[in-house]
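**Q** Got a structure here, written out as structure tokens. Questions coming.
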Amino acid sequence: MERHPAVPFWLCVGDVAAADGHYEALPAPLYWIKGNNENFDVIADTEGDVARNLHYIANGVLLDLPGGLRVAGLGGTLAPTMYEMSASDLPHPKKSTAKATGQADRRRHFVREEVERCRTLHDVDVFLSHEAPVPFRVGRVQAGKRPINEVLIALKPRLHLFGHHHRFQELMVEGVRSVCLAGVGESYLLIDRKTLEYQHLAS
């Protein structure tokens with residue numbers, strides 16, 4: 001972050017919490033969607049502003065960011081057994097350890113109602129998702145998820161960024177530029193907020 005002090009804010013596609021569930025204050029605003037490894041109790045208790053300059057984007061919410069950039073997201077992963085549930089009914093049982101509790105927390109996933117909420121948005125510049133669209137292969141496995149494609153078809157954002165698989169890859173999906181981001185310790189994108197052209201830079 002220090003190398004580019006003129007960058008007014010940062011975007012992140014999930015998994016922001018430290019291993020112990022802590023969120024660190026940052027020197028510049030960072031807007032992020034949930035990954036599948038977050039402290040969901042902290043997010044709920046703070047209504048998303050979990051630390052200084054760290055701002056959570058809820059699923060299906062459109063934000064107007066500095067410079068007129070319009071950003072929306074669909075955080076979490078797809079769990080077919082949870083997909084038809086209401087987001088407010090997703091269970092989050094307490095287990096014997098913090099790690100086990102986190103893995104049992106179904107708030108890690110998105111549901112159909114959130115996908116439908118995303119599809120009603122308009123004039124989105126950047127769409128963030130944690131899951132990949134189809135096609136996205138990890139080895140021989142098709143790792144993309146069709147609901148992401150459904151949102152891209154409806155929104156036609158100028159740029160789509162996603163994470164979860166932690167490997168840099170550029171695609172065209174449903175006519176949309178779609179980029180999988182590597183882990184922040186490996187590389188990041190420096191994006192022109194007007195043109196949405198980007199540079200892929202090593203961390």
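**Q** Look at the range 48-64 and say how many of its residues are surrounded by fewer than 16 Cβ atoms within 10 Å (Cβ to Cβ) and outside any strand (DSSP E or B).
**A** 3
**Q** Further question: What number of residues within the range 126-152 are among the hydrophobic types (A, V, I, L, M, F, W, C), more than 19 Å from Asn36 (Cα to Cα) and at pLDDT below 95?
**A** 1
**Q** Same structure, new question: Considering only residues that are without any contact (Cβ under 8 Å) to a residue 60 or more places away in the chain and among the aliphatic types (A, V, I, L, M), look in the range 7-18 and name the one that is nearest to Gly163 (Cα to Cα).
**A** Val16
**Q** Within the range 144-203, which strands (runs of 3 or more DSSP E) (wholly inside it) include 2 or more residues that are within 18 Å of Val134 (Cβ to Cβ)? Outline the logic, then answer.
**A** Numbers: elements: 159-162, 169-173, 176-180, 187-191, 198-202.
Here the list reads 159-162, 169-173, 176-180.
**Q** OK, next. Just to be sure before I move on: is Gly67 outside any loop (DSSP other than H, G, I, E, B) and loosely packed, with under 15 Cβ neighbours inside 10 Å in the structure I sent? Before you say what the answer is, go through the steps one by one.
**A** Values: outside any loop (DSSP other than H, G, I, E, B): yes; loosely packed, with under 15 Cβ neighbours inside 10 Å: yes.
Yes; evaluated as a whole, the condition is true for this residue.
**Q** Of everything in the range 62-74, what is at negative phi and in contact (Cβ under 8 Å) with a residue 24 or more places away in the chain? Give them in sequence order. Give the derivation first.
**A** Initially, the range 62-74 is screened for residues at negative phi, giving 62-66, 69-74.
Matches in the range 62-74: Leu62, Leu63, Leu65, Pro66, Leu69, Arg70, Val71, Ala72, Gly73, Leu74.
**Q** Looking at (1) within 19 Å of Asn39 (Cα to Cα); (2) at pLDDT 95 or above; (3) not in a strand (DSSP E or B), which is the only condition Asp123 fails?
**A** Only one criterion in (1) within 19 Å of Asn39 (Cα to Cα); (2) at pLDDT 95 or above; (3) not in a strand (DSSP E or B) is unmet by Asp123, namely (1).
**Q** All but one of (1) crowded, with 20+ Cβ neighbours inside 10 Å; (2) in contact (Cβ under 8 Å) with a residue 60 or more places away in the chain hold for Gly21; which doesn't?
**A** (1)
**Q** I need every pair where a residue in the range 36-55 that is under 16 Å from Phe110 (Cα atoms) has its Cβ under 9 Å from the Cβ of a residue that is among the hydroxyl-bearing types (Ser, Thr, Tyr) and assigned to a loop (DSSP other than H, G, I, E, B), sequence separation at least 6 or different chains.
**A** Short answer, once both residue conditions are applied: Glu38/Tyr23; Asn39/Tyr23; Ile43/Tyr23.
**Q** Failed condition for Asn37, given (1) in contact with a Leu (Cβ under 6 Å, 6 or more places away or on another chain); (2) buried (at least 16 other Cβ atoms within 10 Å of the Cβ), with all others met?
**A** It is condition (1) that Asn37 fails.
**Q** It is to be established whether one or more residues within the range 117-124 are in contact with a helix residue (DSSP H, G or I) (Cβ under 9 Å, 6 or more places away or on another chain) and more than 23 Å from Arg70 (Cβ to Cβ).
**A** No.
The values are calculated or read from the model by the stated rules, or taken from the named source; none is laboratory data. Not measured: the values here are computed from a predicted model. Note that we place each Cβ from the backbone using ideal geometry, even for glycine, and neighbour counts take in every protein chain shown.
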